[in-house]
1. Taking R0 as 41 Å, what FRET efficiency do you get between GLU308 and HIS180 from their Cβ-Cβ distance, rounded to the nearest 0.05?
2. Please arrange LEU270, LEU11 by how many other C-beta atoms lie within 10 Å of their C-beta, fewest to most.
3. ILE369's amide H: which non-local residues (gap 5+, or another chain) put their own amide H closer than 5 Å, with H modeled 1.01 Å from N in plane and none for Pro or chain starts?
4. Mean separation of Cα pairs under 8 Å and 6+ residues apart, divided by the residue count of the chain: what relative contact order is that in percent?
5. How would you classify the chain from its alpha-carbon gyration tensor, with a ≥ b ≥ c the square roots of the eigenvalues: rounded for a/c under 1.5, else prolate if a/b is greater than b/c, otherwise oblate?
6. Within 10 Å of each residue's Cβ, count the other Cβ atoms and sort CYS136, CYS19 from fewest upward.
7. In terms of the Cα gyration tensor, with a ≥ b ≥ c the square roots of its eigenvalues, is the range 271-378 rounded because a/c is under 1.5, prolate because a/b exceeds b/c, or oblate?
8. Relative contact order for the range 269-326: what is it in percent, counting Cα pairs under 8 Å that are at least 6 residues apart?
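Values quoted throughout were computed directly from the atomic coordinates according to the rules given, and no laboratory measurement underlies them. No experiment lies behind these values; they were computed from the predicted model shown. Cβ placement follows ideal geometry from the backbone for every residue including glycine, while neighbour counts extend to all protein chains displayed.
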Amino acid sequence: MRMSEDRREGLDELLVVDCDVHVHESPGALIPYIDRRWRPSLELIKDYPETNSYLNTPGFSGGGMGYGDGPMFPSGSPGPRVVSTPQAMRSELSAIKVDIGILFPDHLLKLALHQNPDYALALSRAYNAWLVEQWCDPSQGLLGVIIACPQEPEEAALEIEKYANDPRIVGVYLPTAGIHPLWGDRRYHPIFRACEEAGLPAILHSVTVITQNFPNNLADFDTGLAVHGLAHPFAIMANLTSMVTSGIPVRFPRLTVVSTEAGITWVPFLMNRLDKEYVERRREVPFLKERPSHYLKRWYYSTQPIEEPADLRQMALIVEAFDGEDSIVFASDWPHHDFDHPMKVDQIPLTPQVRRKIMGENALRLFKIDRTGKRLEQ
């Protein structure tokens, strides 16, 4: 019997695809997968205590200012919460009503900060091999995104080609925090070309750092509230602006780009702001045949950390403001301390049809998978 369009299913009945789940790659875990040249480097730090230095392990995820700097409070950022096995991850995701989880790194969110390109490339290759072998299992609803090393775009393109047809991989993670130059620079074209040819989305994911380059030059702020409040959306907005105004969506028309861990309320602002500037300055970007919002609406935006105004009807209006019902995907950021339970997004007063799209159906289209996590034939 066909389900009525106005029936609101419970979370137990709804397909929930979580577009941001974090494994925790430790130096020790990557030792068997990294080039022998670099194994002594990981051996040296494999027992480094992380309790009070979340994502700030020297020689692995150090550099820049992130969690663990400044005073700590009970409601602030605790040490890392680690899910050690795929079985445990599956159990925990099921407990929060998630059917399919898309796996991202933890420490290597900060890969762009590594100054040694050979080491950065080796870490990315080791992580990709470890993720596929140890974690990805479509039958358990656990799918991965490989890392594209920005320091070595040509080699990163080869990695994308290597995993292009692997049924366990559904996307490519672009390190975003501290990236220099921004992702619109032409040096990254090999990565975008490889993503386009592989049919894999390019996924921007930020993390809190302070560096001297825009947009992470946040050193004037003296509280984590200010830094964390701005770091993620500013990094995403800067990179999307760079990509659109440099013509990435025109040069790579079949490329899909995704924003992760920046919320969504800034999306209509960015579209409207760039459209206004385009009307006055379109001669600077003759390759853009449409307003910037036209291209941005073709891409995807994940919910976490979902904004929580006192009146949640405002969030429904935000969704309408950029036609987001077909481009917003749910994300939890599990198992980080600031994760969003699906019920947070579920509280937004959306129609049952839009709710089904955002919680799962849009992600199926984005990642080209069916409801079981199986990649579809392209």
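1. Once the sixth-power term is evaluated, E becomes 0.80.
2. By the 10 Å Cβ count, ascending: LEU11, LEU270.
3. LEU376
4. Values: 710 pairs, mean separation 73.4, N = 378.
Result for the chain is 19 percent.
5. Rounded is the answer for the chain, as its axis ratio a/c remains below 1.5.
6. Going from sparsest to densest Cβ surroundings: CYS136, CYS19.
7. Numbers: a/c = 2.21, a/b = 1.40, b/c = 1.57.
Since a/c reaches 1.5 but b/c is at least a/b, the shape of the range 271-378 is classed as oblate.
8. It comes to 30 percent, rounded to a whole number.
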